[in-house]
1. Six or more apart or on different chains, Cβ under 7 Å: which pairs go from a residue in region 46-65 that's in contact (Cβ under 8 Å) with a residue 40 or more places away in the chain to one that's open to solvent by less than 50 Å² (accessible area, probe 1.4 Å) and of a type in the set (D, E, K, R)? Could you list them?
2. If you take the residues of region 40-83 that are over 24 Å from Phe185 (Cβ atoms) and polar (S, T, N, Q), which of them is surrounded by the most Cβ atoms within 10 Å (Cβ to Cβ)?
3. Scan region 168-185 residue by residue and report those that are modelled with pLDDT of 90 or more and assigned to a loop (DSSP other than H, G, I, E, B).
4. Please go through (1) surrounded by fewer than 13 Cβ atoms within 10 Å (Cβ to Cβ); (2) modelled with pLDDT of 55 or more for Leu37 and return the number of the only condition it doesn't satisfy.
5. Report yes if Glu59 is at pLDDT below 90, charged (D, E, K, R) and under 30 Å from Val150 (Cα atoms), otherwise no.
Amino acid sequence: MQIARGLIVVVLFSGSVVAESPSGAASFANRGVGLGLGAVRVVGQDPSVPETVFPLLFEYASYVDSGFEVFGRVPVALASVRVGADTPDGRGLVFASGLQLGVRYLFLEEGVRPFVSLHLGGLIVARQAALGDNVLAGPGAGAGLEVFVVSSVSLQARVFADWYVTLNAPQRFSLGATVTASTYF
């Protein structure tokens, strides 16, 4: 009987410790900034667009309400192009940047946060070509998982796809993945 009472006390005490753990407190921070790395593959039949982009991402997120968060990401990247680079054969690495603005929905708001997202994305490639060939823009969607390692620091892994809207050129799509470390305040 004494053992049963002791187990009940231990269970109640550990339940109160879990309820007050720092991972639960992470959901109350409203803003976050992060730094991430990624890889993006651009798919399409146009040889003038980048094949692969390797971005360093700067990210800002702000919690809105009811599991929704707005975010902005600015990639600074090297892009591998097949045609139109500043190299003798037209191939090579060029500078690229862009912007993603969107909203994500958090299925859970605790220490582990699976999410889906919708965004508008753009990619600007710095190479010698017409401006229209250097700018890609359109809607996108993604999914991921964010895990808090302490109450104000998280690691996030996500995958996403973009459709770059074009009117007079072949359709272009991109598939990518990033890993980001963020701090919330």
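1. What qualifies is Asp46/Arg172; Val49/Arg172; Leu57/Arg73; Glu59/Arg73; Ala61/Glu69.
2. This residue is Ser48.
3. Quick first cut of region 168-185, residues modelled with pLDDT of 90 or more only: 173-185.
Hit for region 168-185 is Phe185, nothing else.
4. (1)
5. On the way: at pLDDT below 90: no; charged (D, E, K, R): yes; under 30 Å from Val150 (Cα atoms): yes.
The answer is no for Glu59.
The values are calculated or read from the model by the stated rules, or taken from the named source; none is laboratory data. Remember, predicted model here, so these are calculated numbers, not experimental data. So basically every Cβ, Gly included, is an ideal-geometry build from the backbone, and we count neighbours across all protein chains shown. With ligands, DNA and RNA removed, areas are computed over all heavy atoms of the protein, side chains included. Shrake-Rupley method; radii C 1.70, N 1.55, O 1.52, S 1.80 Å.
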